[in-house]
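Here the structure is laid out as structure tokens; the discussion comes afterwards.
The values are calculated or read from the model by the stated rules, or taken from the named source; none is laboratory data. Only a predicted model underlies this, so the values are computations on that prediction, with no experimental measurement involved. Note that each Cβ is placed from the backbone with ideal geometry, even for glycine, and that neighbours are counted across all protein chains shown.
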Amino acid sequence: MSEISSSKIICPQCGGENSIRADEKFLECEYCGSSVFIDKRRLVSHFVVNSNFTKEQAEGNLRRWMAGNYHVKDLDKLAQITQVSFYYFPLWYFKTKDPQGDRIHLQPAHSTPVSEIKNIQIPAGNLKPYHKNDFTDEVFVEADVLYDSAKSWLSQSGVNPENISESSLVNVPFYHFYYLYKGQQYSALVEASSGMVYANIWPAKSEMPFKILFAAAILLFGLASLASFAVSFWISPDISAETVFFGEFIKIFAYILAAVPLTAIAYWIVKKV
């Protein structure tokens, strides 16, 4: 991290001296071609992560995610994708050193409704220096969260800023999908480097049938226990260890009988909900 004290700045990658205009936010080093992002009096390295998925492949990942156990049944078949956009989203990439070793922390450099985006994994080997001739500006989301703000958020999450050893602005490729399910719109992000899906809200399975089944199971097993000991005392009215043992023996069979319909109902709920 360097301070800009004049119209000249030093490239953090190769040490080359570059000229800069006052209104520039990005600079490509004249010597090594590395890109740096200029944030007021600071400059940081500018990287991009390669996109490895086509739109069709990303949609396939999204459909597989929709078919998961946490989503409403047949969401992958019933969801109607209404819009898809591709862009590179900016993230502040902080590397810290502590007794446990190096750690990576990410903070969004632009506002986003998907908070999970800062939990993505970016291997260091996937970071490529940004070269403006390789991309068009239209596919990049402009960074509007300044370095100091991101650093402050990092401090609030319990990270000591003094441990920061490296800071970069990293642009990660995403496919942003909008889809309809039963008249309501949802959205999800597919990270185009790894194919991982990120979303905060989705059509989830209803918990009510499972809660009702749980309450019914408690009631049914409770009645089975009472019935078992009632039969035991009816056969042998004397209160003795033998009577109690006989009641426990009957209860095992009662529980097995009760479990059969409960298991069948649970299977039906899983298939239908």
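Points worth noting:
- Of all residues in segment 173-195 being touching a Pro at 6+ places or on another chain (Cβ under 8 Å) and crowded, with 22+ Cβ neighbours inside 10 Å, the one that is nearest to Lys95 (Cα to Cα): Glu191
- Subset of segment 194-236 (residues that are among the hydroxyl-bearing types (Ser, Thr, Tyr), touching a helix residue (DSSP H, G or I) at 6+ places or on another chain (Cβ under 6 Å) and either modelled with pLDDT under 80 or assigned to a loop (DSSP other than H, G, I, E, B) (or both)): Ser232, Ser236
- Against the list (1) more than 17 Å from the chain's Cα centre (by Cα); (2) surrounded by fewer than 14 Cβ atoms within 10 Å (Cβ to Cβ); (3) farther than 30 Å from Val44 by Cβ; (4) among the basic types (Lys, Arg), the condition Lys73 fails is (2).
- Residue in segment 240-257 that is farther than 30 Å from His71 by Cβ and not in a helix (DSSP H, G or I) present: yes
- Lys128 being at pLDDT below 85 and either surrounded by fewer than 16 Cβ atoms within 10 Å (Cβ to Cβ) or within 20 Å of the chain's Cα centre (by Cα) (or both): no
- Segment 72-91, residues that are touching a Phe, Trp or Tyr at 6+ places or on another chain (Cβ under 7 Å) and either within 28 Å of Tyr31 (Cβ to Cβ) or part of a helix (DSSP H, G or I) (or both): Leu75, Leu78, Tyr88
- Test: residue in segment 140-158 that is in contact with a helix residue (DSSP H, G or I) (Cβ under 6 Å, 6 or more places away or on another chain) and within 18 Å of Glu59 (Cα to Cα): no
Each row is one residue, and each column tells you yes or no for (1) at pLDDT below 90; (2) in contact with a helix residue (DSSP H, G or I) (Cβ under 9 Å, 6 or more places away or on another chain).
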{"position": "Ser35", "(1), (2)": "yes, yes"}
{"position": "His46", "(1), (2)": "yes, no"}
{"position": "Tyr87", "(1), (2)": "no, yes"}
{"position": "Leu91", "(1), (2)": "no, yes"}
{"position": "Lys118", "(1), (2)": "yes, no"}
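- Matching option when the condition is modelled with pLDDT of 75 or more, exposed (fewer than 15 other Cβ atoms within 10 Å of the Cβ) and over 17 Å from Lys132 (Cβ atoms), among Glu30, Glu17, Glu3: Glu17
- Segment 95-109, residues that are of a type in the set (Lys, Arg) and modelled with pLDDT of 85 or more: Lys95, Arg103
- Residue within segment 141-153 that is more than 25 Å from Leu27 (Cα to Cα), under 19 Å from the mean Cα position of the chain (by Cα), modelled with pLDDT under 90 and surrounded by 13 or more Cβ atoms within 10 Å (Cβ to Cβ) present: yes
- Some residue of segment 98-119 being assigned to a helix (DSSP H, G or I), among the small types (Gly, Ala, Ser) and either surrounded by 13 or more Cβ atoms within 10 Å (Cβ to Cβ) or free of Cβ contacts under 8 Å to residues at least 24 places away in the same chain (or both): no
- Check on Gln80, out of contact with any Ser or Thr (no Cβ under 9 Å at 6 or more places or on another chain), surrounded by fewer than 13 Cβ atoms within 10 Å (Cβ to Cβ) and either over 21 Å from Leu180 (Cβ atoms) or of a type in the set (A, V, I, L, M, F, W, C) (or both): no
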